[in-house]
1. If you take the residues of segment 386-395 that are of a type outside the set (A, V, I, L, M) and farther than 21 Å from T313 by Cα, which of them is least open to solvent (accessible area, probe 1.4 Å)?
2. Those residues that are over 24 Å from N102 (Cβ atoms) and crowded, with 19+ Cβ neighbours inside 10 Å, I need them from segment 318-346; list them, please.
3. Name the pairs: first residue in segment 95-117 and in contact (Cβ under 8 Å) with a residue 24 or more places away in the chain, second residue open to solvent by 40 Å² or more (accessible area, probe 1.4 Å), Cβ to Cβ under 8 Å, at least 6 apart or on different chains?
4. Please state which one of M219, M255 is at pLDDT 95 or above, within 16 Å of the ligand (Cβ to nearest atom) and either under 21 Å from V338 (Cβ atoms) or in a loop (DSSP other than H, G, I, E, B) (or both).
5. Listed residues A228, A260; which is aliphatic (A, V, I, L, M), within 12 Å of the ligand (Cβ to nearest atom), within 25 Å of the chain's Cα centre (by Cα) and surrounded by 14 or more Cβ atoms within 10 Å (Cβ to Cβ)?
6. Could you check segment 307-392 for helices (runs of 4 or more DSSP H) lying wholly inside it with 2 or more residues that are of a type in the set (D, E, K, R) and over 28 Å from D203 (Cβ atoms)?
7. Quickly run through segment 253-270 and pick out the residues that are touching a strand residue (DSSP E or B) at 6+ places or on another chain (Cβ under 8 Å) and farther than 12 Å from A302 by Cβ.
8. Taking segment 356-385 on its own, how many of its residues are more than 25 Å from the chain's Cα centre (by Cα) and crowded, with 17+ Cβ neighbours inside 10 Å?
Amino acid sequence: MWKRSLRRSLGLIGLAALAAAVLTGPADAAARCKNTGSFERWLEDFKREALSSGISRQTIAASLDGVTFDPAIIRRDSGQGVFTQGFLQFANRMTGGARHPNGMKNIKANAALFSRIEKEFGVPPAVVAALWGLESDYGAYKGGKYNIIRAVATLAYDCRRSEFFRKQLMDSLRIVQRGDLRPDEMIGNWAGELGPTQFTPSDYFKHGVDFDGDGRVDMIRSVPDALASAANLLKSFGWQRGQPWLQEVRVPAQMPWQEAGLDIQHPRSQWVRWGVRGAHSNLPSDNMPASLLLPMGRNGPAFLAYPNFKAYTEWNAAFVYATTAAYFATRLAGAPVVGKGNAEVVVPDAKQVQELQRLLGHRGYYKGEADGRMGALTRAAVKQAQIKLGLPADSYPTPELTERLRGGR
Ligand code: CA
């Protein structure tokens with residue numbers, strides 16, 4: 001699960017997130033593990049494993065000979081902040097300025113390519129263009145100057161997430177062996193992501209597409225390859241052709257708030273019965289399954305998320321990112337700017353979330369770490385406490401909830 005949230009918290013997204021981050025130190029227990037043995041010995045071991053996994057001696061030598069440990073990579077990895085922006089702040093920041101007009105321009109300028117991609121993979125232009133814009137500002141952001149093989153080898157040697165990065169390293173060698181990229185061409189960000197759609201080496205190897213027909217998958221220099229690969233990855237996550245992904249809605253003053261959340265689906269007709277209405281377009285009263293998303297609680301913006309939304313949470317497990325990317329795609333498909341909702345919503349900072357997590361823990365609602373992140377476990381615990389205390393159970397933490405839990409009432 002961390003994989004996608006890490007991988008997609010990088011690049012442009014990382015820059016935006018870190019600007020508003022609160023550093024609370026390493027959150028996971030794995031951060032306290034110890035490396036044993038030298039990097040050089042580890043690398044020789046890995047070369048043997050690569051050979052027995054079908055990588056040629058030539059590829060291994062070209063990719064790994066002379067590769068050294070890079071302490072700067074570990075420093076970057078350990079310095080990741082806790083993401084504390086609310087949805088509106090993050091979404092407005094990531095989709096504001098020139099990003100929307102540039103997205104429209106890029107869709108127009110690449111109309112033939114986008115249409116070919118939609119025909120082949122079933123993913124519409126706005127969806128692909130939104131990810132292109134968010135991951136790299138349509139390729140303007142180059143994603144770092146790190147040699148991917150050195151970066152991934154460093155992270156694979158490091159004990160914290162060695163299993164994940166060992167696979168990434170092996171797939172980096174497979175990219176070289178397939179003739180897609182030379183080792184010296186594999187330049188990207190410090191966690192191994194490549195190209196304008198920021199693919200990990202494993203996704204690159206498994207889902208990369210040669211869409212310009214030059215015989216190799218070049219997601220760094222070929223826009224057709226990068227965009228078609230993104231559509232192919234979404235398709236592998238279950239994207240359904242011709243289906244919607246997200247629709248902004250208005251919610252009534254009162255409804256069964258505990259029905260909100262990605263883990264719950266109802267037919268649209270049920271949402272209509274509860275008083276949910278399309279914000280800008282009609283909400284048909286039919287059987288299509290949908291989840292009610294309230295990223296800032298019942299007073300903030302509201303969306304119905306359709307089955308295709310799952311492709312976004314697979315792309316990035318971070319809820320605020322997934323919702324922003326899906327929302328930006330609706331904007332590029334013609335939807336207006338999202339409304340603020342019914343009232344001003346207070347966004348708790350990481351320290352306030354930590355306190356809430358401790359209070360929820362004391363009361364038996366929460367068993368995770370007090371890491372300051374509003375993850376799925378924390379939202380579920382908030383909902384349980386709200387139900388118990390007779391508060392509107394929209395899973396969103398309010399100062400009132402913290403106050404009630406402090407007082408033990
Ligand atoms: Ca190609």
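1. Top of the filtered list is Q386.
2. Correct list: F319, G341, V345.
3. Pairs that qualify, where the first residue is in contact (Cβ under 8 Å) with a residue 24 or more places away in the chain and the partner is open to solvent by 40 Å² or more (accessible area, probe 1.4 Å), are R99/D137; N102/D137; N110/V223; L113/V223.
4. When all the criteria are applied, what remains is M219.
5. Just one listed residue meets the conditions, A228.
6. Values: elements: 310-315, 319-332, 350-362, 376-389.
Answer list for segment 307-392: 350-362, 376-389.
7. Scanning segment 253-270 gives E259, G261, L262, D263, I264, Q265, H266, P267, R268.
8. So in segment 356-385, the residues more than 25 Å from the chain's Cα centre (by Cα) come out as 358-365, 384-385.
If we keep only those that are crowded, with 17+ Cβ neighbours inside 10 Å as well, we get 359-360, 365, 384-385.
Number of matching residues: 5.
The values are calculated or read from the model by the stated rules, or taken from the named source; none is laboratory data. As the structure is a prediction and not an experimental result, all values here were calculated from the model. A quick note on method: Cβ atoms are made from the backbone with ideal geometry, for glycine too, and the neighbour counts reach across all protein chains shown. Surface accessibility is based on the protein's heavy atoms, side chains included, excluding ligands, DNA and RNA. Shrake-Rupley method; radii C 1.70, N 1.55, O 1.52, S 1.80 Å.
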